[in-house]
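Data block below; observations after.
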Ligand code: CO
């Protein structure tokens, strides 16, 4: 396994719509393993492929820190089929270091995705799993959680976000 650098806000890949995964091969398998290792090192609970500069429709979720019965898992070509309810919860993102804010999202979702071996699965999710699934799904659409926060909070965070974008934009353009 290997650690992959996580790109930060200001990098154009974070704003692209990711492409479907078609090959369920060794490469996909090792990408998932490396993403899980990278996420753990960053103490994150979710990581989407665009965050490691790979514009593919997949992400990993690991809630072992919260519930040790839950295994880290890869979700490939995910879809949200239906949603229910809404609640506010504080989110952060490994691509936007140092920023946390409340985001309103549905509570319960019905999802469809393929497992790492390509098997089609439909599931109902709630709680933190549903929350993280939606945050990671947004990454595949080029959406960041800061796009969904209250306008007043966004205004307050604007200087800090601009600063981060400036710092990281310089890093990736060299
Ligand atoms: Co994120």
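As an exercise: evaluate residue 42 against (1) surrounded by fewer than 16 Cβ atoms within 10 Å (Cβ to Cβ); (2) farther than 15 Å from residue 14 by Cβ; (3) at pLDDT 95 or above and give the number of the one condition it does not meet.
The number of the failed condition is (3).
Residues are listed down the side, and each one gets a yes or a no for (1) at pLDDT 95 or above; (2) within 16 Å of the ligand (Cβ to nearest atom); (3) over 15 Å from residue 140 (Cα atoms); (4) surrounded by 15 or more Cβ atoms within 10 Å (Cβ to Cβ):
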residue: 14; (1), (2), (3), (4): yes, yes, no, yes
residue: 63; (1), (2), (3), (4): no, yes, yes, yes
residue: 82; (1), (2), (3), (4): yes, no, yes, no
residue: 86; (1), (2), (3), (4): yes, no, yes, no
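Looking only at segment 115-130, how many residues end up being buried (at least 20 other Cβ atoms within 10 Å of the Cβ) and touching a strand residue (DSSP E or B) at 6+ places or on another chain (Cβ under 6 Å)?
Applying the first criterion (buried (at least 20 other Cβ atoms within 10 Å of the Cβ)) to segment 115-130 yields 129-130.
Restricting the remaining residues to those that are touching a strand residue (DSSP E or B) at 6+ places or on another chain (Cβ under 6 Å) gives 130.
Of the residues in that region, 1 qualify.
Can you name every residue in segment 31-71 that is more than 17 Å from residue 6 (Cβ to Cβ) and free of Cβ contacts under 8 Å to residues at least 60 places away in the same chain?
Answer for segment 31-71, where residues must be more than 17 Å from residue 6 (Cβ to Cβ) and free of Cβ contacts under 8 Å to residues at least 60 places away in the same chain: 64, 65, 67, 68, 69, 70, 71.
Go through segment 25-106 and tell me which strands (runs of 3 or more DSSP E), entirely inside it, have 1 or more residues that are within 13 Å of the chain's Cα centre (by Cα). Talk me through it step by step, then tell me what you get.
Working: elements: 46-48, 58-61, 73-84, 87-91, 101-105.
The strands (runs of 3 or more DSSP E) meeting that bar are 46-48, 58-61, 73-84, 87-91.
Out of segment 131-154, which residues are loosely packed, with under 14 Cβ neighbours inside 10 Å and modelled with pLDDT under 95?
Correct list: 150, 151, 152, 153.
Take segment 116-153 and flag every residue that is more than 16 Å from the ligand (Cβ to nearest atom) and assigned to a helix (DSSP H, G or I). I'd like the intermediate steps shown before the answer.
So in segment 116-153, the residues more than 16 Å from the ligand (Cβ to nearest atom) come out as 116-127, 150-153.
The answer is 127, 151, 152, 153.
Step by step: first the residues of segment 93-114, then only those that are within 16 Å of the ligand (Cβ to nearest atom) and surrounded by 15 or more Cβ atoms within 10 Å (Cβ to Cβ), then the one that is farthest from residue 160 (Cα to Cα). Which residue is that? Walk me through how you get there before you give the answer.
Applying the first criterion (within 16 Å of the ligand (Cβ to nearest atom)) to segment 93-114 yields 93-103, 105.
Pick out the ones that are also surrounded by 15 or more Cβ atoms within 10 Å (Cβ to Cβ) and you get 93-96, 99, 101, 103, 105.
On the way: 93: 14, 94: 15, 95: 14, 96: 10, 99: 8, 101: 13, 103: 18, 105: 24 Å.
Taking the candidates together, the pick is 105.
Take residue 9 and decide whether it is within 13 Å of the ligand (Cβ to nearest atom), more than 17 Å from residue 132 (Cβ to Cβ) and in a loop (DSSP other than H, G, I, E, B).
Values: within 13 Å of the ligand (Cβ to nearest atom): yes; more than 17 Å from residue 132 (Cβ to Cβ): yes; in a loop (DSSP other than H, G, I, E, B): yes.
When the stated conditions are applied, residue 9 passes them.
Can you tell me which of (1) in contact with a strand residue (DSSP E or B) (Cβ under 8 Å, 6 or more places away or on another chain); (2) at pLDDT 95 or above; (3) assigned to a helix (DSSP H, G or I) is the one residue 157 doesn't meet?
It is condition (2) that residue 157 fails.
Need pairs with beta-carbon distance below 7 Å; first residue closer than 21 Å to residue 39 by Cα and without any contact (Cβ under 8 Å) to a residue 40 or more places away in the chain and within segment 90-111, second assigned to a strand (DSSP E or B) and within 16 Å of the ligand (Cβ to nearest atom); sequence gap 6+ or separate chains.
That search, which allows pairs on different chains as well, returns 90/101; 90/102; 100/90; 100/91.
The values are calculated or read from the model by the stated rules, or taken from the named source; none is laboratory data. Computed from a predicted structure; not experimentally measured. Every residue, glycine among them, receives a Cβ derived from its backbone with ideal geometry; neighbour counts consider all protein chains shown.
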